[in-house]
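These notes concern the structure reproduced below.
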Amino acid sequence: MSDKNRKTYKGNYWYMSPEEVMAFLSISKATLNRMVADGVLPCSVPYGRVRRFKSSDVERLMEKSILQMV
């Protein structure tokens, strides 16, 4: 994995890029955008650049969706 695609650490959180989130959750870009717009998955936009997602939020969403399937 190149440095460009690694999770970013800032403060007490690991951040993921949109591409990493899409791969981790196996979703499309449109689905990711809809989840952000609906408030299902919070994100931050540091200095007007690419959105970043806390890995803990992404993992929590994954666990929640797995529990709903059971």
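The values are calculated or read from the model by the stated rules, or taken from the named source; none is laboratory data. Worth saying up front: this structure is predicted, and the values here are computed from it rather than measured. Cβ: placed from backbone, ideal geometry, glycine included. Neighbour counts: every protein chain shown.
Checked against (1) at pLDDT below 90; (2) assigned to a strand (DSSP E or B); (3) among the aromatic types (F, W, Y), F53 passes all but condition (1).
Here's the yes/no breakdown for (1) in a helix (DSSP H, G or I); (2) at pLDDT 90 or above; (3) out of contact with any strand residue (DSSP E or B) (no Cβ under 8 Å at 6 or more places or on another chain):
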position	(1), (2), (3)
W14	no, no, no
F24	yes, yes, no
A30	yes, yes, yes
P42	no, yes, no
Y47	yes, no, yes
D57	yes, yes, yes
E63	yes, no, yes
L67	yes, no, yes
